Amino acid sequence: MYVQEFFNQLWLKYTQLTPQALFIHKLFTECGEQVVNDHIAFRTFDGCAFDLTAFTRILNSLGYEAFADYRFPEKHLEAKAFKHNSDALPKIFASELKRSELSLANQHILKRLIKTASMTELKVSDLYAGRLWSPITYAEYQSLAEESEYAAWLSTMGLTANHFTVSVNHLQNYNHLEKLNQLLISQGIPLNEVGGLIKGGPDVYLAQSATLADQYEERFACGTTALIPSCFYEFAYRYSLPSGKLFEGFVTNNASKIFDSTHRVID
């Protein structure tokens, strides 16, 4: 599959789950902006046919190479950052949940889930296929979410782009996150406020903001239906390093807060 077709399919699936992304993209376009993607993120589980090792193999086949590794102990995650050999395509941030770090009860839920997965070897098209395993019950979803919102999200949403990210550096009129955030707030878009509306800054060479995930109606194995978080839209501004080159990597403290964009909204 050509890499551009891969991104087209990713965007199609992502916007079906994330109506706010289409609204924001259209808003920027109407403001005369050209939207450029900074990076796209994926989530997965470890120790299975679609773990980070399998993701790496697929991304390598699309011309991507890993350039950095990250660890999030408090969220039980590991991650890799990838960039394309052409440098003209968005970076990719792929993370995986370390299942062995969860409680035994939740490990059993995920083990049973993974056993029902409908693939033995990951394919490119699986990366936007959604849930490739049997649905869990609502009680199981709540159990996972209490310990790991990431696990609950992935168990229901499956394999798909968790978020796309607008490169704020490429915007003309909204190339400052403060002004961009005010635009989104004026349009009624809820933003992730964990750690402040803007995570990071010039001291770490990366500043990021993000929306809160849209809501998606899920039907669970027990027959219960409930609104759960789907995907969100992110905005990143990269600062120049002392060398004059733009910072290309990611910042764990920023990313840890960005992960919270898919947390449930509990009244």
Calculated on alpha-carbon atoms, Rg and Dmax of the range 3-262 in Å = 17.8, 57
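For 3, 265, what's the fewest-to-most ordering of other Cβ within 10 Å of each Cβ? Numbers along the way, then the final one.
Numbers: 3 16, 265 11.
Ordered by Cβ neighbours within 10 Å, fewest first: 265, 3.
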Place the peptides 25-34, 208-217 in order of packing, highest mean first, counting for every residue the other Cβ atoms within 10 Å and averaging per peptide.
-> 208-217, 25-34
Taking the Cα centre of the range 1-82 as the origin, how large is its charge dipole in debye, to the nearest 20, when only Lys and Arg (+1) and Asp and Glu (-1) carry charge on their Cβ atoms?
-> 160
Given Cβ charges of +1 for Lys and Arg and -1 for Asp and Glu, the option among 114, 247, 16 whose Cα lies farthest towards the positive end of the dipole of the chain is 114
Mind pulling the angle between the C-alpha long axis of helix 19-30 and the longest principal axis of the chain? Nearest 10 degrees, somewhere in 0 to 90.
-> 10
Could you list 70, 64 in order of exposure, starting from the residue whose Cβ has the fewest other Cβ atoms within 10 Å?
-> 70, 64
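I need to check one value: relative contact order of the range 3-262, counting alpha carbon pairs closer than 8 Å and at least 6 residues apart, in percent. Mind dumping the intermediate values first?
Details: 471 pairs, mean separation 54.8, N = 260.
With pairs under 8 Å counted, the relative contact order is 21 percent.
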Place +1 on the Cβ of every Lys and Arg and -1 on the Cβ of every Asp and Glu in the range 3-262, take the dipole about the Cα centre, and give the residue among 127, 180, 220 whose Cα lies farthest towards its positive end.
-> 127
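Working from the alpha-carbon coordinates of the range 1-109, get Rg over Rh, Rh being the Kirkwood radius. Mind dumping the intermediate values first?
Values: Rg = 16.3 Å, Rh = 15.8 Å.
Computed over Cα atoms, the ratio is 1.03.
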If the chain between residue 217 and residue 67 were fully extended at 0.36 nm per residue, the gain over the current Cα-Cα distance would be 50.3 nm
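Which links in 91/257; 123/257; 75/123; 91/111; 83/115; 83/111 stretch past 25 Å when you go from one Cα to the other?
Values: 91/257 19 Å; 123/257 30 Å; 75/123 27 Å; 91/111 30 Å; 83/115 31 Å; 83/111 31 Å.
Beyond 25 Å between Cα atoms: 123/257; 75/123; 91/111; 83/115; 83/111.
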Just going by the charge dipole of the chain, with Lys and Arg at +1 and Asp and Glu at -1 on Cβ, which of 86, 32, 229 is farthest out on the positive end?
-> 86
Pairwise label distance in nanometres, residue 147 with residue 31, each label 7 Å out on the Cα-Cβ vector | 4.2
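Using a Förster distance of 41 angstrom, determine the FRET efficiency expected from the C-beta separation of residue 12 and residue 100, and round it to 0.05. Numbers along the way, then the final one.
Numbers: r = 35 Å, r/R0 = 0.85.
Calculated value: 0.75.
Throughout, read-outs are computed from the coordinates displayed, never taken from laboratory work. Being a predicted model, the structure only gives us computed values, none of them experimental. As a convention, Cβ positions derive from the backbone with ideal geometry for all residues, glycine included, and neighbour counts pool all protein chains shown.
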